[in-house]
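To keep things clear, I will list the structure first and then write my remarks on it.
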Amino acid sequence: MLKSLKIALFVIAVCFSQLSSAERIRDLVTIEGVRDNALVGYGLVVGLDGTGDQTSQTPFTTQSLSNMLSQLGVTIPPGTNMQLKNVAAVIVTSNLPAFSRSGQKVDVVVSSLGNAKSLRGGTLLMTPLKGTDNQVYAIAQGNIIVSGASASGGGSSVQVNQQSGGIITDGATVERELPSSFGSNSTLNLYLKNDDFSLAQQISNAINRSGRGGLATAIDSRTVQVELPTGTANQSRFIADIENLNINIGPINAKVVLNSRTGSVAMNREVTLDSCAIAQGSLTVEVNQQQEVNQPNAPLAGGQAVVTDNTQVSVRQSGGAIQKVDSSANLNNVIRALNSLGATPNDLMAILQAMKSAGCLRADLEII
């Protein structure tokens, strides 16, 4: 069971990119000013089945309930000790999309602020959601959906996860529209999702060749500035047209992403290794590159010698047999071999860091 758990910790997600692929501009850039805006609010959840805040340790819950009841015309006598096992103080968060209009619905996330055990079955009372300018942009209210509890086998097996938070689908109504300058500017910036001078120039060239009007200029590795026609409707039509233009993208930089908590590894292309020898605990990884000379014909027959690089990779554990890996120095194969030897996430992280420091890992290494 332990061995299978260790192996399960390493989820190898390998996405090998082709030599050239066509991507739409809309998948490569974001548009200036078109983004979500964060909203936050403080509210109360009622209707809990005895799993609410312990008011002796969360006095703000009692204070909030007293203020709310006073607004509804209910006066609480001073000194009253309210035992509110069915009430919880919560923080409500949401994202207000660009160009949202009054009356539209958005989802909200409700998270316990005090020591409530569970928000399951609770109802969020009317909660104003404010932006960074302290203005109310939406009002949230509704029944909370809490996931994370399941039962099987007639209830004999119960699994309970985090229940101090939940969501309300379409739980908030937009009350105030965000001010927008769209349609009033003569230029627009397209921001690349990844820094790349070559890609920025390709996008600029594609827009200029499209014949749809508007001059595009690559400002830097992340910004492409486009001249827009006048009028909101014309600008919307122009942006819709250039968003669907295809860009031929070559191979991107090799990158390895390691999750230090789970041990999962993701690679965006085939990552190769140079010669190196790494020792981590009882594990050893060796990469040897040798040149082989092949001469298909005899010298007198005029055959030409062909020099090829031959790479041998081996992974072994102290006291165990050497495991030969595929003849190509492929990091994916090395990690699979380490899995079979029971390497832990810490071992994998240390080995990859050592390979990067030694200069034998031909990729950018990111640890999250």
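Altogether, the Stokes-Einstein calculation at 37 °C and 0.692 mPa s, with the Kirkwood radius of the range 37-174 over Cα pairs as Rh, returns a diffusion coefficient of 206 µm²/s. One decimal place: the segment residue 68-residue 93 gains 7.0 nm when fully extended, by the rule 0.36 nm per residue minus the C-alpha distance. In this structure the amide hydrogen of residue 223, modeled in the peptide plane, comes within under 5 Å of the amide hydrogens of 192, none closer than 5 places in sequence on its chain. Highest-first packing order for the peptide set 70-80, 176-186, 35-45 is 35-45, 176-186, 70-80, based on the mean count of other beta carbon atoms within 10 Å.
Taking amide H as placed 1.01 Å from N in the peptide plane, the amide H of residue 212 sits under 5 Å from none that are at least 5 places away or on another chain.
Readers should treat all values here as calculations from the given coordinates under stated rules, not as data from a laboratory. The model shown is predicted, which means the values in this text are computed figures rather than measured ones. Glycine gets a Cβ as well: all are built from the backbone with ideal geometry, and neighbour counts include every protein chain shown.
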